[in-house]
Structures are given as C-alpha cells and as structure tokens.
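These notes are about the structure you will find just below.
The values are calculated or read from the model by the stated rules, or taken from the named source; none is laboratory data. Every value quoted in this text rests on a predicted model; they were computed, and no experiment measured them. Quick reminder, even Gly has a Cβ in these numbers, built from the backbone with ideal geometry, and neighbours come from all protein chains shown. In case anyone asks, the SASA skips ligands and DNA or RNA and just uses the protein heavy atoms, side chains included. Shrake-Rupley method; radii C 1.70, N 1.55, O 1.52, S 1.80 Å.
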Amino acid sequence: MCLAACAAMAVSAQETPKLNEKNIDEVLKALTVEEKAHLVVGARMNDNKSAAGEVGYTRLIVPGAAGTTYPVERLGITPVVMADGPAGLRISPRRENDGNTYYCTGFPVGVHMASTWNADIVREVGEAMGNEVREYGVDVLLAPGVNMMRNPLCGRNFEYYSEDPLLAGKMAAAFINGVQSNGVGTSLKHFAANSQEINRLANDARISMRALREIYLRNFEIAVRESQPWTIMTSYNYINGRYTSEDHGLLEEILRGEWGFEGAVVTDWGGGIDPVAQVKAGNDMIQPGTYAQYETIVKAVREGRLSEEDLDRCVRRILELVVRTPRFKGYEYSNKPDLKAHAELTRRVASEGFVLLKNDGNTLPLKQTDRVALFGSGSYKFIAGGRGSGDVNKAYVVDLRDGLISNGFALNRQLDDRYSKYMERELKRVDKQIYSRPWYMYEIRPNEMPYPNDFVVEAVEGSDVAILTIGRNSAEAFDRHIERDFNLHVDEQALLKAVTREFHKAGKKVVVVLNVCGPVEIASWRDSVDAILVCWQPGQEGGNSVADVLSGRVSPSGHLPMTFPVSYADVPSQNFPLNVPENGTNQSYENYSKTGKLYDIPNIDYTNYVEDIYIGYRHYATRNIEVAYPFGYGLTYTTFSIDDMKVRHKGDRIDVSCRVTNTGNRAAKQVVQLYSTRVNPDVDRPAIELRAYEKTPELAAGESCVVELSISTDDLAEYSEKETAWKVSKGNYVLSLGFSSADRPLSGTVTLRKEKLTLVTDAMMPAQGDIFINE
C-alpha cells in the first residue's frame, strides 16, 4: 500500500509541473482549456460571484490596484498585479483594519516630464516610481501614455508627452527603462490613436496610412524598439473600422512582426467587444475580466471557432510575463518605499520642466526681499496632477502660497488673510460637489474672489510684485471645452485686468503662473503681464518647485512639447467633439454599445483625421500660421548663442555638431533641436520635422559646450502609401539647428544620391471606401 501510494504521488508530481522560466511549454501542455481561458481573462469577474470567490484573495494583495491575472496554484502560476500610474503609483492609501498609510509619490505629469527634453531626468523619475511599484507589491505599472496630442482639448493630454512622435517616443522609452530597471513591468498605452475621450469606447479614428505610420504609430515604435515594455495596452477606439484589440494586423504583423515586440498585449479596462476576436488578433489579456468572456472563449474552443493554438499563443505570453514578476520570484516587498527621498526628487526634477514663456525686463527671478501680492484661487489650491486613472493618492500637495512662505518670501499679509478666509468658504462649496462626482471626473475649479477692484487696489501699496496663478485640470472620460477652459473664464479675466492695471499704474511687475494641464489661450492677454511661467501640473512638491524658480535658485530650462496657438480656430484638428453637453456621466460611453456601432455622428462615432500628418508645428510651420508660442520654445534666466555647425555624412549616418555658449550671467541649461526639410519634394511634406535633440549640461556664465547629434538616413524616411513602404527619397535635405521650431539660425545641406525602400505590411489598410480623409 505504502509503495503504491508513493508511486502514485511520484507520478502525480511528474504530471503536474510547477512553472519556472525553463518549462513554460510543459506547463502550457498541463493547463486545461478552462485554465487557459482564465489566464487570458482578468480575475475580477464581477458577473459570477462563485468564480470571483475562487480568486477573490488576489484583490486583497494590493488594495486599490487596477486588476490581476488569474492564478493557477496547482501549476505554480502566481497572479500578476497591475496598477495605474503615469504620474505615480495609484493604490488605496488606507486599508481596512490597518492603521498604516500607503501613500505614493505624486510626480510631475507626462506633459511636464516631456517639457524637460531630458531623457536622463525622465529615467530617474521612472526609477523612483518603479521602486514604489516593487515595494508596494505591484508587478506591472499601467504607464506610460504616449498618445499624440492631436488636439489641445483632449482630456488626457496631461498624461501624454507631445504633439511630436519622436519626442513622445523618446520620453516614453526613458520612463520605461527607468521603471523596469527595478525588475517590474510597464504597460505602454493606449495603442493606438486614442486622441479623444468622448465616446472613446466606440469612436472610429479614420486615418490615412501615411499619418498612421508617421505620426500615430511612430511614437509607439520608438518606445518599443528602445525599451521593450513588458506589456502594451490596446486603446478603446476603432482605427479605420477595426477595434484595436481585435486587429491582427496591428498587433501581430506590425507590433510584433515589424517592431519585434516581445511582451504581452492587454486590453484597456473593458476594451473591445468580442473576446474570441481579441485572442485571434493577439491581444493576450482581457482586463478586468468577466465570467461571460471566460465562458465565451471556452465555448469557442469547444466548438472549433477558436483554435487552441491561438489560445496557447496568448497563454504562453502571459506565462512569460508571470515568470518575470517579483511576485513569482518571491520578492518580499516592504510596503515602505523611501517617500521622503522621492519627494525631494520630485521637487528637483519639476523645476527642469517649467517653461518660461515671457520675462520682460528681467522680471524674474524675484529678489528675496520682494513683498509678494499673491492672487488667484489657484495659488491656494495648487493642482499637482490630473484626475482619473492618472491621479495619485499622495500624502500632501504643497500650494504656491506655502511654497513661497517656506522659501522665505513675505506675502502681503492683508491680502493673504483675505484669500485664506475666502478659500476656506469656497473649498467647502467645491468639496461638496467633488464628493458627489465620480472619481474619474475632473475637479471643479474654485471661483475667483469677487469684486477684484476693491482688494487689488488695497494690495498695491504693501507689495513689490504681483503673482497670479491660473489653474486648469482635466481627466479621462471627458474632453476640455473652449470656453471657460481653453479660454480664460470671465472671473479670471476680471482679476487679471484689475491686477495688471493697478500694479502697472504703480510701476510694479505682474507675474502669471500657469498651473495647467495643457495649452490655454494666451495671446489676448500676454502683452499685459511682465512674466509668464508654465509650471504644468508639477506633482506634490509643486509650490516648493515654483518657489525655487521664482527665487532664482534654479533657472527654468523647460521647452514646450507642443504649440500654443493664437486661437483655437487655428488648430489643425478641427474635427473634434466640441461643446458636448455634460450630465455627470462618463462620456467615454457617449454612444457605446456592447453589440456594435449604433450611431454615425461625426467626431463622436467617427473622426476623420483630415489634417493628415499636419498636426501641431508641422501644420503651423508649413502653412505659415502665426502662433502664440512655438513648439520647442522656452526661455531661461540667461542667454545662449549657437554657432560652429558641422555636418558629416558618411554612408547611412549623419552627424551634426555645434557649439553652445552661455552669453549671460547666470548658470542654466539649453535644448538644441535638429530639424530637417526636404528640398523640392515630389509629394507634400511638412516644412520642418524634428529629427534629434539634446539638452546641455548646466553651463556657467561664459561657459561653452559642444553638442553632438547623430541620425540615420532612415530617420528621413517618409511613408509611401503607393509602395506600402518606408521611402528615403534621393535629393537635398536641409538640416537646421536652434532652440525651438521657430528659432533655427544654423543650417546645412545633405544630399542623398540613392533612393531606399523598406517594404512593410499592408495589414491595416482599410477596405476601399472605408475612409474619407478629405471632407
């Protein structure tokens, strides 16, 4: 009996392998169809309580995490915990029957990090964020967001990087490499063309193949090739009639076949309609998971509508993901990351992304002895980051008021007392409304204090300078509006008018701080103020970071990652949902149906990208349209010169160098930008396109450095729809160097004598008549 039992146990052990890095194929064979279906469907399954109960403990691993995969204990397959966090890990700060807190660091948002134009800084933030991911027991951070800023009103632009695919892709790669250096994963999102929030679950982005390849996929391609994220998250929307999570050409032929992506593909939460089509397309994981999706996949395999080979392909990638995770490797996370050190990092890096738009008469930096009249509700309610899944449960936010005081500035006491009392009442009103709104909705902006003429006049006498903060917040599930958002609200206009009139009458300066999620209309009022500093949404130490720059301890060195237009009417992507009424519900589902598209409303159910490749500066520079502030623009507290440009072309390599000299009297950094222009093209091309950039080290007054940039001739390729290929055309190319897209004083010419074609798949090509680009 004993020998038989031992033999049975030995056989059982042999038949039931435990997962490790070398036996994935063996474990795959040991899985049942039901277990395989569970692995490709997330473990939430709220529509079946008994099934959810089987894996319910996974929700208790890290409370507040976005989702998990299904564990299979008999085979040693551990769950993968995934959590939100483009600007910091998003988990619950408090836990039931637990007196400890689990706050995370609120870092600067994506658009802010891109404004640094500094991959080293972005990687450093990624490393710190990845440490918190690991120490709080999370395996995959659902970040970064790398979608193009097609339109300045997109509600999630604060999470994204740029209107240019090169800058966006490079920033994303730096962030991913930083996070993943901790042995945890990322999820590059939202793949692809998630350009609006309204009806994002059912909008069909109708894009030419040229624009898709050169703009809306190029950013992802750069990030994938330079960082290999562990996962990629598909977007909610259709592209040219196909859901991205159900598009085999996008996921298998382009992402994996052309770019060499090695990780797993996961849906956005609730994305797509048909789980069988998703598995066939190569979308490996469906999150957060429903029991109906699980049943559908099992049934499809049993009935032969889904091959087990296709299912195994997805399961294998999930197993490959599992064995990389800290949880699988038995890492004992501490729940105690060094939040103090990360807060100090946040304060330091935020100032490098601040963009100084205007500084007449050296208004900034301020003297430490200057008495400050601090205006604006935003000065007392600073915006650290956006809302929705991009929000972070942080321990505190340093407002501008507190930052100025703690850094030695004296505020006009009478004005400060008046604002403090007003804001106490106003925030009680606002908080009541915030508490009744869903977690993903943008926060209501506090109104400005009424009757500004009265208190502004009183503030002039006891002050040396005025600082006025204008704040803007946004969130997922909603897009911004032109009125009261892109344009200043009437109460902001009244305050700004009163402050500039009275302070200038007394010969005193006015500084505007833009604590914003993206561009605002600025041309109508910029001439009335003396200095404008864009501090974006700078994270939890924002007030201190701004004070560091206003005081001159740090010189701003950020440059715009997008264009500030003169007017919204100048924006090339006029095909965008405007003035859609809000009723408090999630506008992602504006016309969504689980059974398919039911409506055909322009810019809501479908959006024709009529501007083609001409988004952002590509449009403004090519059409010679005046802008408020151009792409790549940013001042410092000193001045720089650029000279001695050299261009060396050998084979497929083009090297460009120049000398940058600090010609002022303060230390600062500068960004050198390289653009290309194709001379006499045989097809329409943008006037300029960013090809490379480099941020200098901090240069002391009078100090110089040589900046070297290198590109490949392949970087000059254009997508040819006719040949279904990347095409490097022969001819002349002007390479220009400068400090912004509109300031390029140096140039040289490169001549390419041979044409080069690189054929690619046409798998995403829409059927004839499916897409209409020109309206």
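Data overview
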{"read-out": "In Å, descending, principal axis extents of the Cα set of region 447-495", "value": "45, 18, 14"}
{"read-out": "Per-residue ³J(HN,Hα) for region 693-704, Karplus 6.51 cos²θ - 1.76 cosθ + 1.60, θ = phi - 60°, Hz, x for Gly and Pro", "value": "7, 7, 9, 6, x, 5, 9, 6, 3, x, 7, 10"}
{"read-out": "Radius of gyration and maximum dimension Dmax of region 402-508, Cα, Å", "value": "15.9, 47"}
{"read-out": "Region 239-307 - Rg (one decimal) and Dmax (whole number), Cα, Å", "value": "12.1, 34"}
{"read-out": "Whole-Å distance, taken between Cα centres, linking region 58-90 and region 551-623", "value": "33 Å"}
{"read-out": "Accessible area in square angstrom per residue, the chain, 1.4 angstrom probe", "value": "37 Å²"}
{"read-out": "Kirkwood-based shape ratio for region 271-346, expressed as Rg/Rh from alpha carbons", "value": "1.21"}
{"read-out": "Among 64-76, 371-383, 184-196, the order from most to least packed when residues are scored by Cβ within 10 Å on average", "value": "184-196, 371-383, 64-76"}
{"read-out": "Fraction of accessible area attributable to carbon and sulfur, region 571-709 (%, probe 1.4 Å)", "value": "47 percent"}
{"read-out": "Distant alpha-carbon pairs in region 190-345 (separation over 19 angstrom), percent", "value": "59 percent"}
{"read-out": "Carbon plus sulfur fraction of accessible area for region 307-402, probe 1.4 Å, in percent", "value": "43 percent"}
{"read-out": "log10 of Debye I(q)/I(0), alpha-carbon scatterers only, for region 84-222 at 0.11, 0.12 Å⁻¹", "value": "-0.42, -0.49"}
{"read-out": "Accessible area (Å², 1.4 Å probe, nearest 10) - S334", "value": "50 Å²"}
{"read-out": "Centre separation in Å (Cα based) which lies between region 474-518 and region 316-391", "value": "23 Å"}
{"read-out": "Solvent accessible area, Å² - T16, 1.4 Å probe, full protein context", "value": "40 Å²"}
{"read-out": "Y102, Y592, reordered so the largest accessible area comes first (probe 1.4 Å)", "value": "Y592, Y102"}
{"read-out": "Two-decimal Rg to Rh for region 331-436 - Kirkwood Rh, Cα set", "value": "1.02"}
{"read-out": "Radius, Kirkwood style, for region 537-641 when every pair of distinct Cα atoms is counted (Å)", "value": "17.8 Å"}
{"read-out": "Antiparallel bridge percentage (DSSP; both residues within the chain; nearest 5)", "value": "60 percent"}
{"read-out": "Size of the chain as Cα extents on the principal axes (Å, biggest first)", "value": "100, 71, 51"}
{"read-out": "Anisotropy class of region 618-674 from Cα gyration tensor, a/c 1.5 cut", "value": "oblate"}
{"read-out": "Sequence of R659, R150 when ordered by accessible area, the most exposed leading, probe 1.4 angstrom", "value": "R659, R150"}
{"read-out": "Sum of -39500 (n - 2.57) over DSSP H runs of 4+, divided by residues of the chain (222 nm, nearest 500)", "value": "-8000 deg cm²/dmol"}
{"read-out": "Nearest-10 value in Å² for the accessible area of Y103, using the 1.4 Å probe", "value": "60 Å²"}
